[in-house]
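Bear in mind that the values in this text are calculations on the coordinates, not laboratory data. A quick note: this is a predicted structure, and the numbers were derived from the prediction, not measured. Neighbour counts are summed over all protein chains in view; Cβ atoms, including those assigned to glycine, are modelled from backbone coordinates with ideal geometry.
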Amino acid sequence: MLYSEKVMDHFRHPRNVGILEDADGVGEVGNAKCGDIMKIYLKIDHDTVTDVKFETFGCGSAIASSSMATEMIKGKPLTEVMGLTNRAVAQALDGLPAHKLHCSVLAEEAVKAALKDYYDRNHLPYDPQQFPEISCEGCH
Ligand code: FES
């Protein structure tokens, strides 16, 4: 079986789909090669993600990755959210095929873009190195 049961479950029943009108941070990223787009909305209170929603126009792995990523960051302090990696998302999904790893990279990028948006909007200081270009060996 190419995809784990968790991937199939999150693909068929994605968690936290939608938009947050009053989001405190929004991140939108895309993969130029496959054309998939992912958007993450964060509600933040006291340095904690109190709510999160996503919209993904993309493949099943991208939908599953964004769904899992939202579950992993909901209710979490920003310091922890910042540490979310595509690897952790892929692991939580019990793995992704190598050629689909870039879909989980999109989830990490979208979460970080939303956090950066929150910092920018509120003129909060941050270390730009916290938002490096994310590279992915599985991407092609
Ligand atoms: Fe592009 Fe999955 S094929 S995100």
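Computed values, structure above
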| item | result |
| --- | --- |
| Residues of the range 1-19 that turn out to be within 22 Å of Phe57 (Cβ to Cβ) and assigned to a loop (DSSP other than H, G, I, E, B), as a count | 8 |
| Residue that is surrounded by the most Cβ atoms within 10 Å (Cβ to Cβ), among those in the range 19-34 that are within 16 Å of the chain's Cα centre (by Cα) and small (Gly, Ala, Ser) | Gly25 |
| The one condition in (1) farther than 19 Å from Val7 by Cα; (2) part of a loop (DSSP other than H, G, I, E, B); (3) under 9 Å from the mean Cα position of the chain (by Cα) that Lys112 fails to fulfil | (2) |
| Matching residues in the range 77-112 - criterion: being of a type in the set (Gly, Ala, Ser), touching a residue at least 40 places away in the same chain (Cβ under 8 Å), within 15 Å of the ligand (Cβ to nearest atom) and surrounded by 14 or more Cβ atoms within 10 Å (Cβ to Cβ) | Gly95, Ser104, Ala107, Ala110 |
| Any hit, the range 64-73, residues being within 13 Å of the ligand (Cβ to nearest atom), of a type in the set (S, T, N, Q) and not in a helix (DSSP H, G or I) | no |
| Output for the range 26-62, where each listed residue is of a type in the set (Val, Ile, Thr) and over 21 Å from Ala98 (Cβ atoms) | Val26, Ile37, Ile40, Ile44, Thr48, Val49, Thr50, Val52 |
